[in-house]
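**Q** Got a structure here, written out as structure tokens. Questions coming.
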Amino acid sequence: MTKTQKKRYLFFVSQDYSFAVLRPLQQKILMQGDEAKWFMYGDEINTDCLRADEVRLFSIEEVIDYRPDAVFVPGNVVPSFIPGLKVEIFHGLPSAKVKKNGQLYHYIIRGMFDLYCTQGPSSTQKFQELAKQHGFFNVEETGWCKLDPLFPLEKRDENSKQKSIFFASTFSPRFSKAKILYPLILDMMKKYDFNWYITLHPKMNSSIVELYKSIDLPNVQFVESTELIESFKKSDLMLCDTSSIIYEYLTQLKPVITFQTEKDAPELINVEDIDKLEETILSVLYNLDINRENIEKSVMQFHPYIDGKSSDRVLKAVEKMLEGENIPKKKKPLNLLRNFRLRKELDYWKWKI
């Protein structure tokens, strides 16, 4: 590939969260004169989220004819029959969510990627161990492209009398506390002059989502999962349960209060008793640096990059592999069952001759 030849990149997506993850990367790709196109599949993504100036490929045949040099995937799977380097860039920062057998979801290796672009030392170390064990993928620590628009951090107005709370909840009934917290949150919304920004996981039970969306108060704004960064910036603290969005928020060095979180940690202010939650929220709102030291230590491990240039590092890592550097020693497994399921889902049965 010559330097003057445009690189072709593909975004392979099935969830709405992908837009916020990939758009900073798309911006860098276009700025350097290369191409980026989107392929959306499945019934869980809202195709209306695509902007007028973004290019969509409508069929898997178009994707294969496009012949991407690299395929960026914020999800968990990508078919082997699509051309190009397969790059995992993740849909979230490492979280405490575990399978029933104790395995952390973030570190499941499915044998479908050539390159993992990790977000900080804590995840890099684990993925490097896994790369050494499996041998068919490599790892580059880049930071997470989704967070590029968050930096550089804006200085908080410590004299502002208007306080703002960002509330988020995951979708899993096992982890989500949105339903049980609703009466308390609604009461606080009416009682105090705070701004509230609310986002719920796209897979959240629709009845719970409608419960929160139906709140008709001037100090409450429901934020879609594709447009979170500005609400992060405007809020003073986060209230959450168990979700990787906690760690996205923590990169601002702002406090997070969790309610009955699955795995407590020093960087979080966890409350087990709902009767103590309101008091804790009020206390932290007026002492926002209360847990700053623990937050800083944690952020340095999972995402130390505050320059807003993670997308640049992702592209450099990909370019190195495209130029023949850092090639894995082994070939990826055939993954016959996963690839058959993807062929069935995409209704694509042509085979390479």
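**Q** Tally Lys/Arg at +1 and Asp/Glu at -1 over every other residue whose Cβ is under 14 Å from the Cβ of TYR192; what's the total?
**A** Net of charged neighbours comes to -1.
**Q** If a/c stays under 1.5 just call it rounded; otherwise compare a/b with b/c (prolate if a/b is bigger, oblate if not). Do that for segment 149-240, with a ≥ b ≥ c from the square roots of the Cα gyration tensor eigenvalues.
**A** Oblate is the answer for segment 149-240, as a/c is 1.5 or above yet b/c matches or exceeds a/b.
**Q** Express the carbon and sulfur contribution to the solvent-accessible surface of segment 1-46 as a percent, rounded to the nearest whole number, probe 1.4 angstrom.
**A** Carbon-and-sulfur percentage of accessible area, whole number: 44.
**Q** So what are the ³J(HN,Hα) numbers for segment 54-60, from phi and the Karplus equation (6.51, -1.76, 1.60; θ = phi - 60°), rounded to whole Hz, Gly and Pro as x?
**A** Rounded to whole hertz, the list is 9, 9, 10, 9, 8, 9, 5.
**Q** I want to check the label-to-label distance for LEU30 and LYS330. Put each point 7 Å from Cα in the C-beta direction and report it in nm to one decimal.
**A** Computed distance between label sites LEU30 and LYS330 equals 4.1 nm.
**Q** Starting at the first residue of segment 232-239, write each ³J(HN,Hα) from the Karplus equation 6.51 cos²θ - 1.76 cosθ + 1.60 with θ = phi - 60°, in whole Hz, x for Gly and Pro.
**A** Going residue by residue, I get 4, 5, 7, 8, 9, 8, 10, 10 Hz, with x marking Gly and Pro.
**Q** Just to confirm, what accessible area per residue do you get for segment 243-301 at 1.4 Å probe, in whole Å²?
**A** About 46 Å² of surface per residue is accessible.
**Q** Can you work out ³J(HN,Hα) from phi for every residue in segment 80-90, in order, using Karplus 6.51 cos²θ - 1.76 cosθ + 1.60 and θ = phi - 60°, giving whole Hz and x for Gly and Pro?
**A** 3J(HN,Hα) across segment 80-90, in whole Hz: 6, 7, 7, x, x, 5, 9, 10, 8, 10, 6.
**Q** Let me ask something else. Where is the GNM fluctuation largest for the chain (alpha-carbon springs, 10 angstrom cutoff): GLY92, GLY84, GLY324?
**A** The residue with the greatest mean-square fluctuation here is GLY324.
**Q** In debye to the nearest 20, how big a dipole does the chain give about its Cα centre with +1 on each Lys and Arg Cβ and -1 on each Asp and Glu Cβ?
**A** 1460 debye
**Q** Next up: At R0 = 56 Å, how high is the FRET efficiency between SER59 and ILE180 if r is their beta carbon distance? Nearest 0.05 is fine.
**A** 0.80
**Q** Collect residues whose amide H, placed 1.01 Å from N in the peptide plane, falls under 5 Å from the amide H of THR261; neighbours closer than 5 in sequence don't count.
**A** VAL271
**Q** Additional query: Measuring from centroid to centroid over Cα atoms, what is the spacing of segment 224-251 and segment 282-353 in Å?
**A** After rounding, the separation between the Cα centres reads 19 Å.
**Q** Give the aspartates and glutamates whose C-alpha is closer than 12 Å to that of LYS254, dropping any in the same chain fewer than 8 places away, or say none.
**A** Filter leaves GLU154, ASP236, GLU267, ASP289, GLU293, GLU296.
**Q** Bin width 10 Å, origin at 0, all Cα-Cα pairs of segment 1-77: what percent of pairs per bin?
**A** Cα pair-distance distribution for segment 1-77, in percent: 18, 55, 24, 3.
**Q** If each residue of separation counts as 0.36 nm, what is the full-extension length gain between ASP43 and ASN294 once their alpha-carbon separation is subtracted?
**A** 86.3 nm
**Q** Separate question: Between PHE151 and LYS190, with labels modelled 7 Å along Cα→Cβ, what's the label distance in nm to one decimal, could you check?
**A** The answer from the label model is 4.3 nm.
**Q** In nm², what is the average projected area of the convex hull enclosing the Cα atoms of segment 51-175?
**A** 12.2 nm²
**Q** Quickly work out the GLN301-to-ARG110 label distance, labels modelled 7 Å from Cα along the C-beta direction, and quote it in nm with one decimal.
**A** Computed distance between label sites ARG110 and GLN301 equals 2.7 nm.
**Q** Follow-up question, since we're still on this one. Going through the cross-link list LYS190/LYS213; LYS146/LYS316; LYS132/LYS332; LYS7/LYS350; LYS28/LYS329, which pairs have a Cα-Cα distance over 18 Å in this structure?
**A** In this structure, LYS7/LYS350; LYS28/LYS329 lie more than 18 Å apart at Cα.
**Q** Something else now. Kindly rank 218-226, 11-19 from highest to lowest mean number of other beta carbons found within 10 Å of each residue.
**A** 11-19, 218-226
**Q** So which residue, out of GLU88, GLU319, GLU54, gets the largest mean-square fluctuation from a GNM of the chain using Cα contacts under 10 Å as springs?
**A** Checking each option, the largest mean-square fluctuation is seen for GLU54.
**Q** While we're here: Counting only protein heavy atoms and a 1.4 Å probe, tell me what percentage of segment 146-231's accessible area is made up of carbon and sulfur.
**A** 49 percent
**Q** Once you order the gyration tensor axes a ≥ b ≥ c over the Cα atoms, which shape class does segment 193-321 get: rounded for a/c under 1.5, otherwise prolate or oblate by comparing a/b with b/c?
**A** Because a/c hits 1.5 or more and a/b fails to exceed b/c, segment 193-321 counts as oblate.
**Q** Based solely on its DSSP helices, what 222 nm [θ] is calculated for the chain when runs of n ≥ 4 H residues each add -39,500 (n - 2.57) and the sum is averaged over all residues, nearest 500 deg cm²/dmol?
**A** About -9500 deg cm²/dmol.
**Q** Putting +1 on Lys and Arg Cβ atoms and -1 on Asp and Glu Cβ atoms, find which of TRP351, GLN221, VAL318 reaches farthest to the positive end of the dipole of segment 202-353.
**A** TRP351
**Q** Mind listing the long-range amide H neighbours of SER164? Cut-off is under 5 Å, sequence gap 5 or more, other chains count too, H placed in the peptide plane at 1.01 Å from N.
**A** Excluding prolines and chain starts, which carry no amide H, the hits are ASN195, ASP236, LEU237.
The values are calculated or read from the model by the stated rules, or taken from the named source; none is laboratory data. This is a predicted model, so every value here is computed, not measured. Every residue, glycine as well, gets a Cβ built from its backbone with ideal geometry; the counts of neighbours run over all protein chains shown. All accessible areas refer to the heavy atoms of the entire protein, side chains included, with ligands and DNA or RNA removed. Shrake-Rupley method; radii C 1.70, N 1.55, O 1.52, S 1.80 Å.
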